[in-house]
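Data block below; observations after.
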């Protein structure tokens, strides 16, 4: 290399380099400032925007718990259905598509157009709770702006048989009646949500976080025995129709555990069908309706007389001439008899005899006993809308009222309370707490009467179903039963209607080792017969027979057919 | 020095590729897990529907109707029922 080709050094002014350096530094400074601004001040906003490109929040569905009977049969279960919704501004559909859609949804195409044309709303439900197959066909139409949402619908395989116990849920799967309402907190699940990353094709590729875990509702196992329930329903329905009664109800309680094995009402409704439900059918008469119980209360008066030592089962009570006047009110017996023992007073259901017993006792004691067996207080079986019934304070009772209350007028009870009160006689004086859910173990009762008194009354109640008593039709082949009839006049416009009755029967079996208390009530039987012994007792017998066989209770009576009473063998009661 | 740099570059490339593959695999596995979970839900739903169906077919009233009408069955007359009592086992000492 020659020296001549060496470049001639040029001296550039120093400021030029400085300017360039400064410019570069300034540009760098701007970049740093900008990134600091984005990183620190706007970071939240930017991160959100970034995540919105790929992350999605998904709902995690939760199902409502099932309701099972004591043997695990499903009584209520939720299963998914689809709802079709439209976003009005987005809907693009040809008339042919609209027509097809109308056909699938059972709607007029014009109605759909009206709903979809309403731009003021963000979205409209076109149809809720479609079966999955129909929903798939709707989706196959491929109409833009039409979306589907998964919802749950409750199904009740037991239908009308179980309706009053289980109740039903509303369109948004929340309980509205029965167990569905009472146990809503247990049954309801909580929907969860989670954030995920989705790829271009909409597939979830990564779980970012679980925002809220889904919690499925818990299953509930009822004390109900679907077989006993269905048996009771069949018997009740037949009886209500045969006697042209306005309504009827049956409740069966397990004496040992206090579990409610069956609870039926008629008229009833189909919980699967939302459309046709009226107030009359919805009423769960067993727990929400109270009535004046009539003669079914007499055993409690007799029990109190024994308990206080005012009488023994053999003590004679004069009931002649079959009527008795207190103040200006006359108490009458349907069939006047002479002197009766206390046991016979119960067997023949004598009003006069019971009233005479009652007037020997302090009213406070009677009130206290009624309270102790659960009258005038909520039975706490766990149903919504339970009625406490009416039991007035003892100090407001006039003597005539004390007399009428002794045979079940002037106070009101629900059938549930009445059945529960009879567990006192079935359990040697213990009142058992009720349970709608399966407990499976003997319940601890509260001692209300002495065991001796309870056994004595049990004997009287057994004699009431023998020939000569008021309810020979309540007997069951193979088992000893005990019980008491009731036939009470219904109250109407402040007085007692002369020809409107409530016929009832409460009893238990087998007498040697009681397993079941069953209470039957028929409201206004209008086919000629109205006595509890004629109308309610046969229903009791039928249900008891079947239920004891299902429970496998050992026989305690010879297996000979029960002879039905001839004319005159059957005592008639007046209340 | 250059050799070491080249070696490190190679290691870096291998690591980067490994990361990409494992990420890809994890996403594939995850989507598989999602599918299986969806299937679990579907099967649970189907189980519920089958239970519903079983309950409907097994309705007491339906069984009663079929037993009575189609099969001609009826509850035995209680007079023809023999109840067997469970006897306590007899030990040698108590036996006469």
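The values are calculated or read from the model by the stated rules, or taken from the named source; none is laboratory data. Please read all numbers here as calculations on a predicted model, not as lab measurements. Here Cβ is always computed from backbone atoms with ideal geometry, including for glycine, and neighbour counts include all displayed protein chains.
Taking the conditions (1) in contact (Cβ under 8 Å) with a residue 40 or more places away in the chain; (2) over 26 Å from residue A:547 (Cα atoms); (3) within 12 Å of chain B (Cβ to nearest Cβ) in turn, residue A:225 satisfies each one other than (2). Put simply, of A:57, A:32 the only residue that is within 23 Å of residue A:213 (Cα to Cα) and surrounded by fewer than 18 Cβ atoms within 10 Å (Cβ to Cβ) is A:57. Picking from residues in segment A:195-217 that are part of a strand (DSSP E or B) and away from chain B (no Cβ under 11 Å), the one that is nearest to the chain's Cα centre (by Cα) is A:215.
For segment A:140-186, the candidate set comprises residues that are at positive phi and over 15 Å from the mean Cα position of the chain (by Cα); within that set, the residue that is farthest from the other protein chains (Cβ to nearest Cβ) is A:145. The residue list B:65, B:74 contains one member that is surrounded by fewer than 12 Cβ atoms within 10 Å (Cβ to Cβ), assigned to a helix (DSSP H, G or I) and more than 10 Å from every other protein chain (Cβ to nearest Cβ), which is B:65.
Residues considered: A:258, A:248, A:234. Of these, the only one that is surrounded by 15 or more Cβ atoms within 10 Å (Cβ to Cβ), within 28 Å of the chain's Cα centre (by Cα), outside the structural domain of residue A:71 (by TED's automatic domain parsing) and free of Cβ contacts under 8 Å to residues at least 40 places away in the same chain is A:234.
If you go through segment A:168-197 and keep only what is more than 20 Å from residue A:216 (Cα to Cα) and surrounded by 20 or more Cβ atoms within 10 Å (Cβ to Cβ), you end up with A:177, A:178.
Anything in segment A:441-495 that is within 14 Å of chain B (Cβ to nearest Cβ) and either without any contact (Cβ under 8 Å) to a residue 40 or more places away in the chain or in a strand (DSSP E or B) (or both)? List them, or say none. Residues satisfying the conditions are A:476, A:479. Scanning for something in contact (Cβ under 8 Å) with a residue 40 or more places away in the chain and over 30 Å from residue A:228 (Cα atoms), does segment A:33-51 turn up at least one residue? The answer is no; no qualifying residue exists.
In segment A:72-109, the qualifying residues are those that are within 11 Å of chain B (Cβ to nearest Cβ) and assigned to a loop (DSSP other than H, G, I, E, B), and the one that is nearest to residue A:221 (Cα to Cα) is A:72.
Taken together, the residues in segment A:250-281 that are touching a strand residue (DSSP E or B) at 6+ places or on another chain (Cβ under 9 Å) and over 21 Å from residue A:434 (Cβ atoms) amount to 6. Search segment B:25-56 for residues being more than 9 Å from chain A (Cβ to nearest Cβ) and over 18 Å from the mean Cα position of the chain (by Cα), and hand back the single one that is farthest from residue A:234 (Cα to Cα). My answer is B:25. Taking segment A:345-431 as the region of interest, the helices (runs of 4 or more DSSP H) fully inside it that hold 1 or more residues being surrounded by fewer than 21 Cβ atoms within 10 Å (Cβ to Cβ) and in the same structural domain as residue A:480 (by TED's automatic domain parsing) are A:351-359, A:363-372, A:399-406.
Applying the condition of being part of a loop (DSSP other than H, G, I, E, B) and touching a helix residue (DSSP H, G or I) at 6+ places or on another chain (Cβ under 8 Å) to segment A:496-521 and asking which residue is nearest to the other protein chains (Cβ to nearest Cβ) yields A:510. Do the conditions hold for residue A:328, that is, is it free of Cβ contacts under 8 Å to residues at least 12 places away in the same chain and in contact with a helix residue (DSSP H, G or I) (Cβ under 9 Å, 6 or more places away or on another chain)? It is true that residue A:328 is free of Cβ contacts under 8 Å to residues at least 12 places away in the same chain and in contact with a helix residue (DSSP H, G or I) (Cβ under 9 Å, 6 or more places away or on another chain). For residue A:116, the criteria (1) closer than 30 Å to residue A:265 by Cα; (2) surrounded by 20 or more Cβ atoms within 10 Å (Cβ to Cβ) hold in every case but one, which is (1).
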